[in-house]
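Notes for the one structure printed next.
Laboratory data are not the source of any read-out in this text; all were calculated from the coordinates shown. The structure displayed is predicted, hence computed values, not measured ones. Every residue, glycine as well, gets a Cβ built from its backbone with ideal geometry; the counts of neighbours run over all protein chains shown.
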Protein chains: 2
Amino acid sequence: MDEITRTPHRRARDYRWDEVELRPYKEDARALFRDITRQLLFSDPELASELRYFEVAPEGFSTLERHAHMHAVLVLRGHGHCLIGNEVRRLSPHDLVTVPPWTWHQFRATTGEPLGFLCMVNAARDKPALPSDADLAALKAQPHIAAFLDGKPAD
Amino acid sequence: MDEITRTPHRRARDYRWDEVELRPYKEDARALFRDITRQLLFSDPELASELRYFEVAPEGFSTLERHAHMHAVLVLRGHGHCLIGNEVRRLSPHDLVTVPPWTWHQFRATTGEPLGFLCMVNAARDKPALPSDADLAALKAQPHIAAFLDGKPAD
């Protein structure tokens, strides 16, 4: 028999959930992320994936990173922008973002409101890789990416 | 190299998404489900799970079923009720529902508005089992479940 305790129903209130811990991120010295919190909504030995909720405060941003595993993202609240590879996109509630393997990505709360999104990810996955100085220079050589990373995306 | 085409950004509008097909369910002779649509938001060989969006029209309900695999549900819109095992719960936006293995479950739009929810599920999973007449009788022997299945949950 299964000995795991699973609460069948956890209520939501204002982007917090019963029994779900809020995990703040610290500031990062290289400013690779800022003002973002994480909540792990679903994680279970029987589930092949986890579902997390990230919330980026105004002017904040998620880690600029890439990895072998994919991200499947659904925006839950607010507007903002994201970088996926070489593309910068404006995000609205319920938009879907697919981050393919080994693709640089970042989410930014660029519109003065919090940007909150769900992220589905394989439970078994590799660690993210952070950009080297050379990677950052290559990204910033593209003006629309430089503007995004500077918090001033074009549209 | 990866040959899969993955659209990085798919826009949402009114609970429909770019490039996502709406799959209506037919009426079921035994009234095990009614007035529910399905949209497959994320499915990819690199993702261990799928993310689907189900929307139940007012008075409609999802299939009453159980299976070895789990469901991880987040309510995206509306209110309603669900059955999980022997528990009937009232649902509000962003509430989380965990359906453990082999647990009878159903979602109902009981409040005159659509009930829409995300459901994360393992990509590799078993087929749902439907209740036998004996299963249904056993469920209906519990008054709060009988009321739920009759579309009249207590709270």
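In chain B, a dipole from Cβ-located charges (positive for Lys and Arg, negative for Asp and Glu) runs towards its positive end, and of B:LEU47, B:HIS144, B:TYR15 it is B:HIS144 whose Cα lies farthest in that direction. Plainly put, the tip 7 Å out from Cα toward Cβ on A:TYR25 is 3.8 nm from that tip on each other copy, the closest given first. Of all aspartates and glutamates in the structure, those lying under 17 Å Cα to Cα from B:LYS140, and not within fewer than 8 positions of it along the same chain, are B:GLU65, B:GLU87, B:ASP150.
Note on region B:16-155: with charges restricted to the Cβ of Lys and Arg (+1) and Asp and Glu (-1), its dipole about the Cα centre is near 280 debye. Here the calculated FRET efficiency for A:ARG6 and A:LYS127, from their Cβ-Cβ distance with R0 = 30 Å, stands at 0.60, rounded to the nearest 0.05. A point 7 Å from Cα along Cα→Cβ stands in for A:GLU46, and the other copies hold the same point at 3.0 nm, listed in rising order.
Counting only other chain Cβ atoms within 10 Å of each residue's Cβ, the peptide A:75-82 averages 1. Label-point distances for B:ASN86 to the equivalent site in the other copies, using a point 7 angstrom along Cα→C-beta, read 6.1 nm when ranked shortest first. Distance from the alpha carbon centroid of region B:104-118 to that of region A:31-104 works out to 27 angstrom. Most tightly packed first, judged by the mean number of other beta-carbon atoms within 10 Å of their residues, the peptides A:100-107, A:9-16, A:48-55 read A:48-55, A:100-107, A:9-16.
Counting alpha carbon pairs within less than 8 Å and at least 6 residues apart, what relative contact order, in whole percent, applies to chain B?
Computed over chain B, the figure is 22 percent.
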